[in-house]
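Let me begin by presenting the structure, written as structure tokens, before commenting on it.
Each reported figure results from applying straightforward, stated rules to the coordinates on display, with no laboratory input. Since the structure is predicted, the reported quantities are computational estimates derived from the model, not experimental observations. Cβ coordinates were reconstructed from backbone atoms using ideal geometry, including for glycine residues, and neighbour counts include every protein chain displayed.
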Amino acid sequence: MESVVYEDPDRLDVVDVAAIVLSVLAPGLGHVILGQTLKGLLILALVVASCGVGYIAAAVIALDAYCVARARKQREVGDWELFPERCRSLGIC
């Protein structure tokens, strides 16, 4: 994944917000948009395979997408990285 430097790393752009919203509506798609393709497809497959029971975890998945969106503004994020920097020790960035 290509590393991008942003002028204001604390500001989410349209792609970031769309990824977070998609993570709530279809868990996993937000991660695909943020460049964590395999992780996102695995999440989506697990939600589908569980006949939707995975939607219970949608809030946690959306929080991870938010943390990934924030972290990728400052550095490259690994494909399987969960809660980058624990979203600054879960002070939620």
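Couple of notes before you dig in:
- Taken over the stretch 49-89, the alpha-carbon convex hull comes to 71 cubic angstrom per residue.
- Whole-angstrom gap from the stretch 59-78 to the stretch 24-42, using each part's C-alpha centre: 11
- The simple spin-label model puts a point 7 Å past each Cα toward its Cβ; for V48 and V21 those points are separated by 2.3 nm.
- Kirkwood hydrodynamic radius of the stretch 14-93, Cα pairs, Å: 12.2
- Using a Förster distance of 25 Å, the FRET efficiency for E76-D13 (Cβ separation, nearest 0.05): 0.90
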